[in-house]
Amino acid sequence: MAKTGTTTQGLRAAIERSGYYPALVAEAVEAAVGGEPVVSYLVHQETTFDSNEVRRHVTVLVLTGTRFIVSHTDEQAADGTSPSPYATTSTESVKLDRISSVVLSRVVANPESYTPGTLPREVVLTIGWGAVSRIDLEPAACGDPNCDADHGYTGSSTADDLSLRVSEAGDGPDTVRQTLAFAQALSEATVATSR
């Protein structure tokens with residue numbers, strides 16, 4: 001379930017509504033935000049299946065006037081390092097001028113009859129700020145099929161710091177709308193800081 005809004009109180013309420021360790025998540029997020037006013041936020045809880053285990057995690061995205069804050073909390077089952085279940089929470093604070101890309105991919109049904117304003121079936125929000133990059137390499141080749149020379153490698157580097165998928169079927173139409181609103185607010189904020 002994702003929630004978006006524009007107040008610190010609204011952010012706290014959205015974290016509590018998610019029901020995912022709200023005291024732990026709220027404390028981590030509020031410490032990262034500090035005294036800055038919240039411009040926009042998105043709370044996204046996701047359940048995944050890992051072998052025979054069901055795992056839940058929550059991602060909280062917060063936009064302030066100067067920063068983009070991402071918080072992620074995972075729960076872990078008891079294991080060799082801990083006799084009881086535990087959760088791990090991390091927060092990262094990124095200055096807005098470090099945001100290098102905000103990519104919003106939209107999946108729409110029946111594109112031939114698409115009407116502007118219709119909600120996408122799903123959206124994927126990818127945000128890059130240079131902390132994580134993915135490099136895809138492959139052997140370079142020339143056009144000669146008989147050539148056996150070493151032409152080195154060719155490839156691409158892609159910023160891939162955060163990717164969040166939200167679907168109408170899995171999360172509901174309000175969640176898709178909220179993700180679109182947060183993506184727009186973040187895009188507008190990054191433009192404003194580059195002027």
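The values are calculated or read from the model by the stated rules, or taken from the named source; none is laboratory data. Since we're looking at a predicted model, the values are computed, not measured. Virtual Cβ from ideal backbone geometry, glycine too; neighbours counted across all protein chains shown. The protein model used for the area step is the full one, side chains on, heavy atoms only, and it has no ligands, DNA or RNA in it. Shrake-Rupley method; radii C 1.70, N 1.55, O 1.52, S 1.80 Å.
So what's the angle, to the nearest 10 degrees on a 0 to 90 scale, between helix 173-193 and the longest Cα principal axis of the chain?
70 degrees
Using helices alone, I'd like the mean residue ellipticity at 222 nm for the chain: each DSSP H run of four-plus residues gives -39500 (n - 2.57), total over residue count, nearest 500. Intermediate values should be presented prior to the final figure.
Numbers: 4 runs with 48 residues, N = 195.
Counting only the DSSP helices, I get -7500 deg cm²/dmol.
Using θ = phi - 60° and the Karplus curve 6.51 cos²θ - 1.76 cosθ + 1.60, what whole-Hz ³J(HN,Hα) does each residue of the range 163-171 get, with Gly and Pro shown as x?
Couplings: 9, 10, 9, 10, 10, 5, 5, x, 10 Hz.
Cα convex hull of the chain: mean projected area in nm², to one decimal?
17.2 nm²
Based solely on C-alpha atoms, express the radius of gyration and the Dmax of the range 31-126 in angstrom.
Considering the range 31-126 through its Cα atoms, Rg and Dmax are 17.9, 56 Å.
Kindly rank 101-108, 56-63, 84-91 from highest to lowest mean number of other beta carbons found within 10 Å of each residue. Working shown, then result.
Numbers: 101-108: 14.8, 56-63: 22.1, 84-91: 12.8.
Answer by packing, highest mean first, reads 56-63, 101-108, 84-91.
Order Phe68, Phe49, most accessible first, counting only protein heavy atoms with a 1.4 angstrom probe.
Result, largest first: Phe49, Phe68.
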